[in-house]
Amino acid sequence: MTAALTFDDLKEQTAAGAVDTVLVCMVDMQGRLMGKRFHAAHFVASAWRETHCCNYLLATDLEMATPEGYASTSWQAGYGDYTMRPDLATLRPVPWLEGTVMVLCDVLDHHGQAEIAHSPRAILKRQIARLAEMGYEARMATELEFFLFEESFETLRKQGYRELHPLSGYNEDYNIFQTTKEEHVMRPLRNQLFAAGIPVENTKGEAEAGQSELNITYAAAMDCADHHTIAKQAVKEIAHAKGHAASFLPKWHRDRVGSSAHVHQSLWKDGGNAFVDEGDALGMSEVMKSYMAGLIRYASDYTCFLAPYINSYKRFQKGTFAPTRAVWSVDNRTAGFRLVGDGSKAVRVECRIGGSDLNPYLAMAAQIAAGIAGIEEGLALAPPFKGDAYDGDVAEIPGTLRDARETLKGSTMLRAAMGDEVVDHYVRAAEVEIEDFDRVVTDYEIARGFERA
Ligand code: ADP
């Protein structure tokens, strides 16, 4: 990528006092930014080379527990350090935080020599390199959906998330009046992300009260994942600054629509979209067809990377635009994969399965791996699905995290593409979520059975 801010710019701005803080961040297993806030003077003098973090950062759950069972990290091994090495090509201003810039880091072993294989950026890098060897570059876009609430994060946490009021009162899909009411959050979000070098296309209201979508122009896969991660951070931080909570939980209420993160993808070669074939009825090249056939053939292998938590699977309800069928269609939103831009230079495939809680580095890496497998195996693409894919006898992806964990564990395709160490690490991550949930007595069980059981 081209840095939105060069290191020389940063030195100048630091000397002039315009910048005083550098966020030095890595991406964790959950796709969150973790790291330290450096004084800019110290960063430009020395910390730009490297800093360190505890290696448990790539072996925690959402609540920062230290679960047993990870081969890479444990109490026995003493929880040592990783090296965080700033990738200066990712330097960018953070316009929503005063005097602040940000840099993303690669994560290496304690001696700063080998990249940590299960670090999300390393996982994506590996698949991008495999594609490059075949002469292709993946260009991707993710659509971020989320909810805004009247209350702040603090208010909601203190009252146990019982009284959640979405910021608008009714379905705001494409609704300009409703979204005008959210402009105190969404306008700074668009403008400040844009000023941070993230090419925002638009925001729009989504098909539920309080639900929004943010679209960012497609980019090389690593840039797209970086954009997604920083944009998600910006949504939370800007909403927080305005006194609101923003949530990327895929399903926060059983009667409300869930939030997704659709992934648009195309392969490029010599500056052109390699998915285009003007001679084909739908404008799809043979490479596109095999790539899509791979995405579909292996959808169950990588479901865990599209839906990583127990809650992710609550979104998959019939008739809600959250598809669970591994079929493709032409501009039909009930199928897991949708052909978009058919017959045009922008022809691409959109995977509609993933939820708003996916880690974009992992979701994209797994899909690239599946696409590569489709090309290498010369898989043929079945005819497009027509009608409502919720009905009918078509291939279904795992419906629970428990099942998705099994299909991930047994995936010879992902083991060959990512390595056993990486797959086993994320199988364990899924297991940790299942074990934790299995211990919980939920409100649902009490309300249903307390008196009646
Ligand atoms: P939708 O029909 O889903 O609303 P949009 O026109 O909003 O589709 O586009 C969705 C995303 O697809 C945008 O982020 C856009 O930048 C991206 N996109 C456009 N062309 C390509 C491409 N060739 N490869 C990948 N993504 C693309």
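The values are calculated or read from the model by the stated rules, or taken from the named source; none is laboratory data. Bear in mind the structure is a predicted one, so any value in this text is a computation, not a measurement. In this analysis, Cβ positions are derived from the backbone assuming ideal geometry, glycine residues included, and neighbour counts consider all displayed protein chains. These accessible areas exclude ligands, DNA and RNA; they are computed on the full protein's heavy atoms, side chains included. Shrake-Rupley method; radii C 1.70, N 1.55, O 1.52, S 1.80 Å.
Give the calculated FRET efficiency between V340 and E451 to the nearest 0.05, with a Förster radius of 45 Å applied to their Cβ-Cβ distance.
Numbers: r = 51 Å, r/R0 = 1.13.
It comes out at approximately 0.30.
What size of dipole, in debye to the nearest 20, comes out for the chain about its Cα centre when the only charges are +1 on Lys and Arg C-beta atoms and -1 on Asp and Glu C-beta atoms?
340 debye
Using 1/(1 + (r/R0)^6) with R0 = 56 angstrom and r between the beta carbons of E396 and A45, what's the FRET efficiency to the nearest 0.05?
The formula returns an efficiency of 0.50 here.
In nm, to one decimal, how far is the modelled label at A77 from the one at L282, with both set 7 Å along Cα→Cβ?
4.4 nm
Near the amide H of S259, under 5 Å away, which other amide H atoms are found, from residues 5 or more places off or on another chain, if H is placed in the peptide plane?
K251, S356
Assign one of three labels to segment 7-116, namely rounded, prolate or oblate, based on the Cα gyration tensor with a ≥ b ≥ c the square roots of its eigenvalues; rounded applies when a/c is under 1.5, prolate when it is not and a/b is larger than b/c, and oblate otherwise.
The shape class here is prolate.
Measuring with a 1.4 Å probe in the full set of protein chains, what accessible area per residue, in whole Å², belongs to segment 7-116?
Result: 45 Å² of accessible area for each residue.
Rounded to the nearest 20 Debye, what is the dipole magnitude of segment 7-116 about its Cα centre when Lys and Arg each give +1 and Asp and Glu each give -1 at the C-beta? Write down the numbers at each step before the final one.
Values: 7 positive and 15 negative charges, 37 e Å.
Computed about the Cα centre, the dipole is about 180 debye.
When a/c is below 1.5 the answer is rounded, else prolate if a/b is larger than b/c, else oblate, so apply that to segment 306-405 with a ≥ b ≥ c taken from the square roots of the Cα gyration tensor eigenvalues.
oblate
Pairs of alpha-carbon atoms within less than 8 angstrom and 6+ residues apart define the contacts here; what relative contact order does segment 165-231 have, in percent?
35 percent
Once every DSSP H run of n ≥ 4 in the chain is given -39500 (n - 2.57) and the sum is divided by its residues, what mean residue ellipticity at 222 nm do you get, rounded to the nearest 500 deg cm²/dmol?
It comes out at -9500 deg cm²/dmol, rounded to the nearest 500.
Taking a probe of 1.4 Å, how large is the accessible area per residue of segment 127-444, in Å²?
On a per-residue basis, segment 127-444 sits at 40 Å².
Roll a 1.4 angstrom probe over the protein heavy atoms and tell me the percent of accessible area of the chain that is carbon or sulfur.
52 percent
Would you work out the charge dipole size for segment 153-306 about its Cα centre, treating the Cβ of every Lys and Arg as +1 and the Cβ of every Asp and Glu as -1, and quote it to the nearest 20 debye?
Charge dipole, segment 153-306, about its Cα centre: 760 debye, nearest 20.
With a cut-off of 20 Å, note down the residues of segment 16-37 whose backbone N falls inside the zone around a label point 7 Å from the Cα of E98 toward its beta carbon.
16-24, 37
Could you check the spin-label model distance between V441 and A3? Points 7 Å from the Cα along Cα→Cβ, value in nm.
5.6 nm
For segment 15-102, give me the percentage of DSSP beta bridges that are antiparallel, rounded to the nearest 5 percent.
80 percent
Is the C-alpha gyration tensor of the chain telling us rounded, prolate or oblate? Criteria: a/c under 1.5 is rounded; beyond that, a/b larger than b/c is prolate, otherwise oblate.
Because its axes are fairly even, with a/c under 1.5, the chain counts as rounded.
Among T100, V349, M29, which residue has its Cα furthest toward the positive end of the charge dipole of the chain, with +1 on Lys/Arg Cβ and -1 on Asp/Glu Cβ?
Going by the charge dipole, the pick is T100.
Just need the relative contact order of segment 170-319 here, percent rounded to a whole number, with Cα pairs under 8 Å and 6+ apart.
About 16 percent, as a whole number.
Could you tell me the relative contact order of the chain? Use alpha-carbon pairs under 8 Å, at least six residues apart, and round to a whole percent.
With pairs under 8 Å counted, the relative contact order is 15 percent.
As I understand it, the dipole of the chain uses +1 on the Cβ of Lys and Arg and -1 on the Cβ of Asp and Glu, about the Cα centre. Which of L267, F321, N359 lies farthest toward its positive end?
F321
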